[in-house]
Amino acid sequence: MKRKYGILLLICLLNISCVSINTSETNSTKTVKVGQTSFSHTSLKINSWGEDEVLKNAIKSFEVLGSGETTLHEYILGTYAIKARIKNGDEEKDICLIVDTGAMGNVIQKKVLQAFSTPFKEKYKFVSNYTYSTVNNWDVSGTVIPDFQAEGFQMKDVLFEPADIDSFGWLDDGTPVNGFIGMITLSQLPFLFSAKNKKLVFFKEDFNPKGKRVELISKYPLVLEVPVEINKKTYSAKLDTGGETNLLPYSLYKKNIDNIDGSLELRKSGLKRIMGLQKSMYFYNKECLNIPTVAQKKSFMFGSNDYIMLGEVLLRNFDLYIDYSNSVINFDPIECDFTRRSMLMVYTSGGGNRYGYFGINLVRERYGNNLKVASIYYKNGKKLCPEISVGDFVISVNGIDQKDFILENLQNYDTIEMTLKHKNRIYSVSLDRNNFKNCFEF
């Protein structure tokens with residue numbers, strides 16, 4: 001996600017690695033166990049895919065259905081998702097995916113694919129930054145979903161990157177989010193993205209964009225970059241509907257500090273991130289007020305120190321008419337009175353695995369499955385939870401053993417009693433959610 005991302009939000013890479021585009025094909029036999037049943041299958045693997053191969057082989061066909069309109073549903077991080085259905089043979093499953101213009105490709109949870117008894121066809125690509133990598137090596141496997149259908153469009157043989165992420169979060173109605181669709185899908189036809197009217201519309205013909213026409217900066221394939229002016233200087237910024245916040249270079253954030261309210265810090269090992277509300281930003285002749293903004297002292301995970309991202313909290317002030325094949329976007333200003341949100345929404349990551357309601361973010365380790373403190377919030381240089389340190393392990397929450405505690409349930413408590421371990425010391429803390437309310441809300 002963004003978001004992301006993303007979340008989220010969830011979290012999508014910008015730069016593209018320059019690698020060989022030569023391919024070699026091999027047949028491979030593999031055994032997969034689903035429940036108590038084992039399946040043996042032979043799949044075609046394309047190893048050593050380069051950028052051109054990914055773009056060329058990402059979708060076999062894309063077709064508009066009816067009016068081309070698909071409903072957007074509000075994601076818990078403030079971005080938007082669509083509901084769809086995927087099929088593999090005689091099996092089918094409903095899914096929900098964030099609409100993410102900040103991602104090049106498509107991502108879906110592995111556990112969704114593993115719920116099918118018939119294995120999906122696999123391909124291998126050698127482009128680590130196609131979306132983002134959840135592994136440490138560059139051979140990231142791609143899964144081909146043979147049939148994908150939403151309200152307003154359908155796709156055949158579309159490439160997804162499986163993500164080993166337990167949760168991408170939920171919609172406001174409680175529907176779990178399973179991943180995101182990126183520009184490889186969204187670039188197929190001109191489309192309208194309207195946060196106000198909550199609709200995504202693809203146009204096979206009769207595309208009549210409204211608003212100010214802007215030419216894209218053609219720097220990377222499938223990346224939507226436009227010029228933006230901050231403090232009378234022009235920068236290149238990426239448009240990311242999958243990300244809630246705006247991302248500024250740390251140096252620019254500091255120069256602009258007089259125009260930012262409510263600065264809050266998030267710290268974890270080796271990282272310091274600051275976030276606040278930019279009082280005013282003019283974007284294509286429209287003044288946007290109190291925009292959540294994030295900066296990180298070290299380069300961001302998917303960019304460099306001069307990287308700027310404009311997220312949904314700003315983009316929702318416009319209807320976006322995007323015609324990628326002709327390298328243009330139309331920004332049509334709208335009156336959008338979006339709801340006040342917690343400062344926690346300015347930065348949330350780990351696909352719903354981190355929560356900061358009580359001044360800390362917790363994450364469950366992938367392999368040890370232990371719950372630990374991933375990061376801590378600071379206000380005016382002071383910890384909001386002075387007793388707790390980054391890396392401390394959680395033993396129990398409200399008397400529930402950490403192995404049995406469901407992270408999502410944190411949102412249901414006003415107070416919590418936590419027992420933690422710092423090195424060899426065991427200690428307990430009592431946290432009241434209301435004590436942090438003024439720190440996080442805007």
| note | Expected sort for 234-247, 158-171, 110-123 on mean C-beta neighbours within 10 Å, highest first, is 234-247, 158-171, 110-123
| remark: Surpassing 18 Å at the alpha-carbon level, of the pairs Lys232/Lys286; Lys372/Lys423; Lys268/Lys379; Lys272/Lys383, are none
| query | So, in nm, how far is label Ile400 from label Thr118 when the simple model puts each one 7 Å beyond its Cα toward the Cβ? | reply | 3.9
| said: From zero outward in steps of 10 Å, how is the percent of C-alpha pairs of segment 65-120 spread across the bins? | reply: 19, 44, 32, 4
| note | With 0.36 nm assigned to each residue of separation and the Cα-Cα distance removed, Ser280 to Asp414 gains 44.9 nm
| said: Run the reach check for Lys255 against aspartates and glutamates, Cα to Cα strictly under 18 Å, same-chain hits fewer than 8 apart removed. What comes back? | reply: Glu229, Glu265, Asp306
| task | Please calculate the 1.4 Å probe accessible area of Ser251, with all protein chains present, and give it to the nearest 10 Å². | result | 70
| note | Rounded to whole angstrom, the alpha-carbon centroid of segment 186-226 lies from that of segment 145-165 at a distance of 20
| When the Cα centres of segment 238-270 and segment 368-442 are compared, how far apart do they sit, in Å? | 24
| remark: Protection proxy (average C-beta count within 10 Å per residue), highest first, orders 317-323, 96-102 as 96-102, 317-323
| remark: Listed by chain and number, the residues whose amide H is under 5 Å from that of Asn106, excluding neighbours fewer than 5 places away on the same chain and using placed H, are Glu161, Gly182
| So how much slack lies between Lys268 and Asp147, counting 0.36 nm per residue of separation and subtracting their Cα-Cα distance, in nm? | 39.4 nm
| field | Val328 accessible area, assembled protein chains, probe 1.4 Å, Å² | value | 10
| request: Would you mind checking which residues have amide H under 5 Å from Gly142's amide H? H placed 1.01 Å from N; only 5 or more apart, or other chain. | output: Lys123, Tyr124, Lys125
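The values are calculated or read from the model by the stated rules, or taken from the named source; none is laboratory data. Just so you know, these numbers come straight off a predicted model, no measurement behind them. All Cβ positions, even for glycine, are placed from backbone atoms using ideal geometry, and neighbour counts span all protein chains on display. Accessible surface is based on the protein model in full, side chains and every heavy atom, while ligands, DNA and RNA are left aside. Shrake-Rupley method; radii C 1.70, N 1.55, O 1.52, S 1.80 Å.
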